[in-house]
Amino acid sequence: AVAKTHGPEAVREAAEAGDPLAQTNLGVVYERGIGVASDLLAARRWYLAAARQGETQALANYSSLPKHPDAPPAIGAQHAEGLRELARGGNVEAMVLLAITLIRTRGRAGNAAALPWLERAYAQKNPRAALLLGQLLSRGSPPEIRRDLLRARECLEAAARDPSLRSQAHRALQALPE
């Protein structure tokens, strides 16, 4: 909104002054290379600044940034650290996204690292956390994660109450042994 009505310099000034919507818009500018060279590191910084202030679109944009083929390996570590910072601050969506990042990038060790974040997000009634936690608990990952079919069923049933996760949760529930 700011970018359309006030031009790029006004957006930058507002972003630097701490306006989370302007920070999100500036992240988009750098991500897409609108009037500037595309710069994923700058986009991440602006999205993270806005997400720290509770701007949910910035968190979504931050989490879905593509990894550019020429990007330095540090981007993955910076991404996880940014999510970890937001998760420590109590951002439930960041907890879930951090857990997903850990699972995808660290294998079995990532499952164990993701578990406490999923537990915290599930305690806040997050349905995606319920689904992921149910899936982890149904499989177990000895010795890090103890298989707990009763708790897995509870989590998956909670996830099934969310229309967007219903079919995935039902498939996981059907796969559970009786």
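Structural remarks
- Whole-Å distance, taken between Cα centres, linking region 123-178 and region 83-119: 16 Å
- Model label points for residue 164 and residue 38, set 7 angstrom from Cα along the Cα-to-Cβ axis, are 2.5 nm apart.
- Helical runs (DSSP H, four residues minimum) scored at -39500 (n - 2.57) apiece and divided by the length of the chain put the mean residue ellipticity at 222 nm at -24000 deg cm²/dmol.
- Note on the chain: Kirkwood hydrodynamic radius from all Cα pairs is 17.5 Å, rounded to one decimal.
- When 170, 79 are compared by accessible area of protein heavy atoms, the largest-first order is 170, 79, using a 1.4 Å probe.
- Distance between modelled label sites at residue 139 and residue 176, nm, 7 Å Cα→Cβ extension: 1.7 nm
- Region 131-178: equivalent-ellipsoid semi-axes (sqrt of 5 x gyration tensor eigenvalues, Cα, Å): 19, 10, 8
- Scanning the chain for long hydrophobic helices, with DSSP H runs required to stretch 20 angstrom or more by C-alpha along their axis and to average at least 0.5 on the Kyte-Doolittle scale, returns 92-123.
- Largest GNM mean-square fluctuation among 116, 163, 127, using the chain with Cα springs under 10 Å: 163.
- Choice from 92, 28, 36 showing the highest fluctuation, given a GNM over the chain with Cα pairs closer than 10 Å: 36
- Ordered from longest to shortest, the equivalent ellipsoid semi-axes for region 81-145 are 18, 14, 8 Å, each the square root of 5 times a Cα gyration tensor eigenvalue.
The values are calculated or read from the model by the stated rules, or taken from the named source; none is laboratory data. Everything numeric in this text was worked out from a predicted model, so none of it was measured. Backbone-built Cβ (ideal geometry, glycine too); neighbour counts: all protein chains shown. These area figures cover heavy atoms from the full protein model, side chains too; ligands, DNA and RNA do not enter into them. Shrake-Rupley method; radii C 1.70, N 1.55, O 1.52, S 1.80 Å.
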